[in-house]
Amino acid sequence: MPDRRPILFFDSGVGGLSVLAPTAALLPRAPIVYVADSAGFPYGTRSEGEIAARVPALLGRLAERYDPRLIVIACNTASTIALQHVRAALDIPIVGTVPAIKPAAALSQTRVIGVLGTEATVRQPYVDDLTARFAADCTVLRHGSAELVELAERALGGESPSPDRLRAVLDGLFAQPSGDRLDVIVNACTHFPLLEGELAAAAPHTVRFVDGGPGIARRVAYLTRDQDWPEVRPAGRAVFTRLDAAAQALAPALARHGLAVIESL
Ligand code: DGL
């Protein structure tokens with residue numbers, strides 16, 4: 001019998017699709033379950049205590065229900081706050097998503113990089129630590145935006161964000177001292193790569209964007225390298241903790257990501 005256990009991707013909303021896509025491309029037969037904690041969305045404006053209590057408990061329920069071989073926390077906010085708690089609670093490999101400061105620092109010519117995340121992510125000590133380890137010679141500007149998360153959710157449903165709103169969000173980085181020399185932006189929220197083209201077009205000068213998706217895909221492929229997969233990938237599942245009309249309306253976009261079945265937890 002082939003091993004049909006899925007890889008489970010977890011986010012507060014649809015942002016984790018930016019992590020699912022490169023992983024699914026690298027592992028074409030992997031069964032996939034995608035979970036959006038829509039009942040807890042958004043995470044970025046919650047407290048550390050709320051995230052640290054909610055995420056491990058929810059992932060415990062999900063692990064029982066879907067028996068995943070590996071879990072990807074496809075959310076920077078949940079990972080920078082709760083990764084250790086989840087690893088302590090579950091006996092399954094857990095891959096987290098943390099701001100891609102290391103690749104950004106490797107790319108930057110001007111040594112000024114931006115970290116664009118949720119308000120919760122940009123204030124985490126985890127970001128201080130990544131900065132000290134990988135970007136000590138860079139000026140690292142940070143900005144948190146709940147609005148950009150909302151705009152990305154709506155964009156997946158087909159609603160294009162206004163360039164003016166995106167410019168206003170980006171100003172949070174470019175208007176800081178040294179912002180005029182910024183040459184690389186870390187998309188430190190998994191929702192933001194969904195708007196990368198629009199953000200690039202709205203930026204006041206050319207910048208490169210990096211995110212954790214491709215690195216996570218390689219990590220998942222490495223961790224599952226000796227495992228067995230079904231002959232053909234089964235239809236993926238999208239699971240919502242609150243399955244309302246807004247979630248149902250995402251069906252076509254989810255189907256484009258191979259998630260043909262939609263259900264509630
Ligand atoms: N996609 C999430 C992240 O990577 C969080 C978005 C939110 O719920 O605020 O941080």
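The values are calculated or read from the model by the stated rules, or taken from the named source; none is laboratory data. If you're wondering where the values come from, they're calculated on a predicted model, not measured in any experiment. Because the Cβ atoms are built from the backbone with ideal geometry, glycine has one as well, and the counts that use them run over all protein chains shown. Heavy atoms of the whole protein, side chains included, go into the accessibility calculation; ligands, DNA and RNA do not. Shrake-Rupley method; radii C 1.70, N 1.55, O 1.52, S 1.80 Å.
Data overview
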read-out	value
Distance histogram for the range 116-260 (every C-alpha pair counted, 5 angstrom bins, percent rounded to whole numbers)	2, 8, 14, 18, 18, 14, 12, 9, 4, 1, 0
Chain lengthening between A136 and A221 when straightened (0.36 nm per residue, less Cα-Cα)	27.6 nm
Fraction of accessible area attributable to carbon and sulfur, the range 203-261 (%, probe 1.4 Å)	52 percent
Residue-span extension gain [A53 to T206] - 0.36 nm each, minus C-alpha spacing	51.1 nm
Global size of the range 62-131 as Cα Rg and Dmax, reported in angstrom	14.5, 48
Theoretical FRET efficiency, 1/(1+(r/R0)^6), r = Cβ-Cβ of D67 and A168, R0 41 Å, to 0.05	0.40
Within the accessible area of the range 94-185 (1.4 Å probe), percent carbon and sulfur	49 percent
Per residue solvent-accessible surface (Å²) - the range 1-58, probe of 1.4 Å	33 Å²
Calculated P(r) of the range 198-260 - Cα pairs past 14 Å, %	76 percent
Along each principal axis, Cα extent of the chain, largest first, Å	58, 38, 36
The range 162-177 and the range 41-57: distance between their alpha carbon centers, rounded to Å	27 Å
Accessible surface of the range 1-80 [probe 1.4 Å, protein heavy atoms]: carbon and sulfur percent	54 percent
Whole-number accessible area per residue in Å² for the range 149-256, which is evaluated in the context of all protein chains at 1.4 Å	49 Å²
Given the chain, longest segment not containing exposed loop trypsin sites (Lys or Arg not before Pro) (DSSP; at most 16 other Cβ within 10 Å)	124-224
For the range 247-256, Karplus couplings with θ = phi - 60° (6.51, -1.76, 1.60), whole Hz, Gly/Pro x	5, 4, 5, 7, 3, x, 5, 5, 4, 5
Residue among D180, D211, D37 with the largest mean-square fluctuation in a Gaussian network model of the chain, springs linking Cα atoms under 10 Å	D180
Unit charges on C-beta of K, R, D, E only; dipole of the chain, Debye	500 debye
Placed amide H near A238: partners under 5 Å, 5+ positions off or other chain	Y34, V261, I262, E263
Selection from P93, P252, Y222 lying farthest towards where the dipole of the chain points positive, charges on Cβ	Y222
